[in-house]
1. Under 9 Å between Cβ atoms, which residue pairs at least 6 apart in sequence (or on different chains) link something in segment 1-21 that is at negative phi and basic (Lys, Arg) with a partner that is surrounded by 10 or more Cβ atoms within 10 Å (Cβ to Cβ) and not in a loop (DSSP other than H, G, I, E, B)?
2. Can you go through ARG18, ARG27 and tell me which one is of a type outside the set (S, T, N, Q) and in contact with a Gly (Cβ under 8 Å, 6 or more places away or on another chain)?
Amino acid sequence: MGSRLSALIDAIYNSKRREFLGRDGARWGKLGIFYFFFYLGLGGFFCTMLAVFMVLSP
């Protein structure tokens, strides 16, 4: 039981490699920047389609 809990805690935060859920700070930063621009583009696409469909509506 203790070794399972220790392995789980180590998988969540590995203090030896300074990783949280398998990623270090730089990788979390890159992922955050990617998703920021991804959702920004998705929101822009949604707003554009909404504007186009509002113009087409009689």
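1. If the second residue must be surrounded by 10 or more Cβ atoms within 10 Å (Cβ to Cβ) and not in a loop (DSSP other than H, G, I, E, B), the pairs left are LYS16/ASP10.
2. Answer to the check: ARG18.
Bear in mind that the values in this text are calculations on the coordinates, not laboratory data. Given the structure is predicted, the values throughout are model-derived calculations rather than measurements. Note that each Cβ is placed from the backbone with ideal geometry, even for glycine, and that neighbours are counted across all protein chains shown.
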